[in-house]
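Trainee: For reference, the structure I am asking about is given below.
The values are calculated or read from the model by the stated rules, or taken from the named source; none is laboratory data. Just so it is clear, the model here is predicted, and its values are computed rather than measured. Here the Cβ positions follow ideal geometry from the backbone for every residue, glycine too, while neighbour counts run over all protein chains shown. These area figures cover heavy atoms from the full protein model, side chains too; ligands, DNA and RNA do not enter into them. Shrake-Rupley method; radii C 1.70, N 1.55, O 1.52, S 1.80 Å.
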Amino acid sequence: MRLALLPVLLAGVAGSAAPAAPAKDPLAGRVAGAPVDCVDQARIMGPDIIDNRTILYRQSLKRIWRNDLEGTCPGLRPTATLIVEVFGSQLCRNDRFRAQEPGSIIPGPYCRLGKFTPYDLPTK
């Protein structure tokens with residue numbers, strides 16, 4: 001078993017005096033495909049935590065993978081770091097992970113990944 005620490009990339013700049021603009025929906029204008037159980041970890045970037053049930057992984061400018069967790073995950077917030085138990089080279093449905101907040105020494109409870117749904121830009 002190999003543990004992977006997947007830090008979340010923050011889009012904003014800390015200490016900015018301007019009010020934060022509403023977040024743009026990263027899936028807007030994209031078309032959902034058929035969900036799959038696993039994705040190749042080497043081909044994705046992320047995670048981007050949306051809420052306590054939804055995580056996004058970017059594969060390319062064209063494709064974003066949305067993972068809808070098997071249930072809600074306490075402590076899963078956009079500022080968290082995911083500690084994922086990876087078996088092999090893929091992230092798969094039912095793989096376990098824990099969320100850890102910055103400054104915390106104890107990660108949260110185990111949560112499980114759900115199916116991965118591809119969202120692609122429409123072809124012209």
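Trainee: With a sphere of radius 11 Å drawn around the Cβ of residue 43, what net charge do the other residues whose Cβ falls strictly inside it have (Lys, Arg +1; Asp, Glu -1)?
Mentor: +1
Trainee: Given a 1.4 Å probe and every protein chain left where it sits, what share in percent of the accessible area of segment 61-124 is carbon and sulfur?
Mentor: 54
Trainee: Let me check I've understood the local charge: for residue 92, count other residues with C-beta under 13 angstrom from its C-beta, Lys and Arg +1, Asp and Glu -1. What total comes out?
Mentor: Overall, the nearby charge balance is -1.
Trainee: Could you please report the charge total around residue 110, scoring K, R as +1 and D, E as -1 over all other residues with beta-carbon less than 12 angstrom from its beta-carbon?
Mentor: Once all neighbours under 12 Å are counted, the net charge is 0.
Trainee: So what is the accessible area of segment 39-124 per residue, in Å², with the probe set to 1.4 Å?
Mentor: 54
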